[in-house]
Every structure is written in C-alpha cells, then in structure tokens.
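One structure below.
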Amino acid sequence: MTLIDPTPQTDIVSPYAITIGAASVDILGTPMSALKPQNSIVGEISISAGGVGFNIASNLALLTKERHNYSRFISVLGDDANAAVIRQQAQTLGVDLQLCQQLTDAKTSVYLSVLDTQKDMHVAINDMAIYQQLTSEVLACHAMQIDQAELLILDANLSATALAYLFDQHKHTAIFVDAVSATKAVKMRDYLADIDTLKVNLTEAEALSNIVFSEQKKHDISSLTATAAWFHQQGLRRIFITLAAQGMFYSEIDFVTANITSRKIPALPISIENGNGAGDAVVAALAYGFSQQLTTEQTARYATAAAAIALSHQATVHPNMSVQLLETTLKKHENSAH
C-alpha cells in the first residue's frame, strides 16, 4: 500500500468531532416511470460525493458552520477523479479532510443506487474494497488527533480490525455509531458497552439483539422498550431506533440510578425526493446535540427534523442544512398541528 502524505495536521485548540468511515462517489438513478426488468427507461442520473461517514461529517459541518473545522473526517481515498469530487464537495460543505489518506494503488469507493417511483431505493451496488486499507496502522497515525476529539463518530463500514483498534485504544472518548445495515451492524455487538450512542433502524436492532417481534407489534412502545432494555443490559447508554414513516424511538439509561427514559416521536410529514441520506442526517443531529449539551428529548426532535429535511432534497446531503432550518421545520410542523 502506497500512501500520499496528507495535508499537514490542523490545529487542535478548539473542540472538534471526528467521523471515521466511508467516503464514496454516489451515482443515483431516478426513474421517470415504473422500473421493468431487463429494460432501459428514461430517468435522471446524478453524481455526488457520499458514503455514510462522509454524509454524517458533511451534515455536521453544516450544523456547526460557526465553529471552524469542528467536523473532521478520516477515511481513505484513491488517487483518482472520484477523490477530487469528494474533496471539492468537502471544501464546499466545510468538512475537514486533512486526516484522510490518499492511496496511489487503490480506487475511491463508488456507490451506485437506483430508486423506484416512490423515491425509495430499489437496488444498489457498492464498490468498497478500498476500506480494507483503512487499517489500524493508518488510524494509529492519527492517534493524537483522535484522542483529543470530544466526540468520535464511527460507521459500520469499518473493518473488524479497525473497529477493534478504535474501541481498544480510544474508548475513553464518547463514541457514536451508525449501524449502516443489518449485515454490518453485527460487528458492533461486542462493543456495545463502549458505545455512548447507537443509531439503528428496526432491522439493524433485530440483527444485533436477536429480538424479533411480529409485523403487527414491532412498532409498539412495549416492543421497542423491550428491545432497548436488551441494549442497556449490554452496557449501551443511549439508543435511537429510526422507524421510517413511524418516526423515531429513543431510550436512555442512567447507570447510576438505573432510571430509563424513553419516548417515541412521530415523523414529520414530508414529500420525499430521495430516500437516501436521512439516517446520516439523524446521526449528525445527534452529534450536534452532544456538542451543545442538549437534552436527549431536544436532540431527538432535531434529529427528526434533520431526517425530514434530508428526505426533502434530491441531494443526499441537503445543501441548506442548518440549525435555523431545523428549528424552522419543527416550528412549521407545530403550527400546522394546531
């Protein structure tokens, strides 16, 4: 593996968060009519920077725009045109890529997805072989910067060895995790006691806990509470379970008093333009709440608004994401409810 030396390290005076995970070029196909097997149809194709980790870092940069270089990102990129796309978008959105490694003998990750007519993902193909080169040795090069971050955000695209290194060497830092998918979520099972906050959907929660409820009961408060209780028993302090159109459920335990606070929050009504990216915006909002020492209740409200905002724009990261837009979205919903 050949490395191109990254840009010199940024200053470490002000508090900052580091996201470690996937950065890719997203190719998105949106059909103009119903999809048909073995058939070409008219639609729109867009190309942009993406990847779970990069999207989280991008949303967080927009939410913390007034805090220069708060959102920093670690990943591996190829020495190719796709890496240039990612760097350009990072510069536009305010994501600090100075800790990213550029590899001369690998190609930047690409994620190809096709939506259906409801703007939900129909099928996707990912080319993520490069992440096998985001090793513990690469991460160890940035040990000081990771140690000094106030928050570490991980996505489950990381390899098992990279995760083992991070949870062994940096578990004293507050760690947030995006489970990414049911298949990748299970890599986090052995580390739940070292994670402060976990974001999963129902399928990912089931894969991690092996607790499966019937289709009729899986959204019930009693079922969600039982699932959250299992996670707390493993040592996880806080869990957010996204429920698509049903909204979001969160549960938080105080390990000193054993008191558990939980609530289900309804989704905000929105016209969906792109089903990708909502979960990434949720994690960024959770990180913003941490940075501002917001209550879990307020953080969850912001996260629900962030999901709605992300869904309302064709780009995976809404270019106008901001705290003001979160508050405006919540206020608009509250006014329409009265």
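If you plug the beta carbon distance of C141 and Q38 into 1/(1 + (r/R0)^6) with R0 = 45 Å, you get a FRET efficiency near 0.40. Extents of region 108-263, largest first, come to 49, 47, 23 Å (Cα atoms, principal axes, whole angstrom). Among F167, F73, F54, determine the one that fluctuates most according to a GNM of the chain built with springs between C-alpha atoms less than 10 Å apart. Looking only at F167, F73, F54, the largest GNM fluctuation is found for F167.
Mind checking the full-extension length gain between Q298 and I211? Use 0.36 nm per residue of separation minus the Cα-Cα distance, one decimal, nm. Walk me through the numbers on the way to the answer.
Details: separation 87, 0.36 × 87 = 31.32 nm, distance 2.82 nm.
Between Q298 and I211, full extension yields 28.5 nm more.
Exposed loop GluC sites (Glu not before Pro) only (DSSP loop, at most 12 other Cβ atoms within 10 Å): please give the longest stretch of the chain free of them, not including the sites.
Details: sites that count: E66, E215.
Maximal segment without exposed cleavage sites: 67-214.
Extension gain for H313 to K171 (0.36 nm times residue separation, less C-alpha to C-alpha distance): 47.6 nm. Largest mean-square fluctuation among H318, H219, H172, in a Gaussian network model of the chain whose springs join Cα atoms under 10 Å apart, belongs to H172.
Note down the Stokes-Einstein diffusion coefficient of the chain in µm²/s, whole number, using a Kirkwood radius over alpha carbon pairs, 10 °C, and 1.306 mPa s.
Details: Rh = 20.3 Å.
The diffusion coefficient I find is 78 µm²/s.
If only the Cβ of Lys and Arg carry +1 and only the Cβ of Asp and Glu carry -1, the dipole of region 186-338 around its Cα centre is close to 160 debye.
Between T161 and T328, the FRET efficiency from the beta-carbon distance, with R0 = 35 Å, is close to 0.20.
Are any of the pairs K171/K199; K171/K264; K65/K187 more than 24 Å apart by Cα-Cα distance, and if so, which?
On the way: K171/K199 18 Å; K171/K264 29 Å; K65/K187 32 Å.
Violating the 24 Å limit, Cα to Cα: K171/K264; K65/K187.
About its Cα centre, how strong a charge dipole does the chain have in debye, to the nearest 20, once Lys and Arg get +1 and Asp and Glu get -1 at the Cβ? All intermediate terms of the calculation are to be shown ahead of the outcome.
Working: 21 positive and 32 negative charges, 147 e Å.
That gives the chain a dipole magnitude of about 700 debye.
Between I260 and E150, the C-beta separation translates, for a Förster distance of 22 Å, into a calculated FRET efficiency of about 0.30.
Toward the positive end of the charge dipole of the chain, with +1 on the Cβ of Lys and Arg and -1 on the Cβ of Asp and Glu, the farthest Cα among L97, T296, V42 is that of T296.
Rule-based calculations on the coordinates, nothing more; no lab input. A quick note: this is a predicted structure, and the numbers were derived from the prediction, not measured. Glycine also receives a Cβ, built like all others from the backbone with ideal geometry; neighbour counts cover every protein chain displayed.
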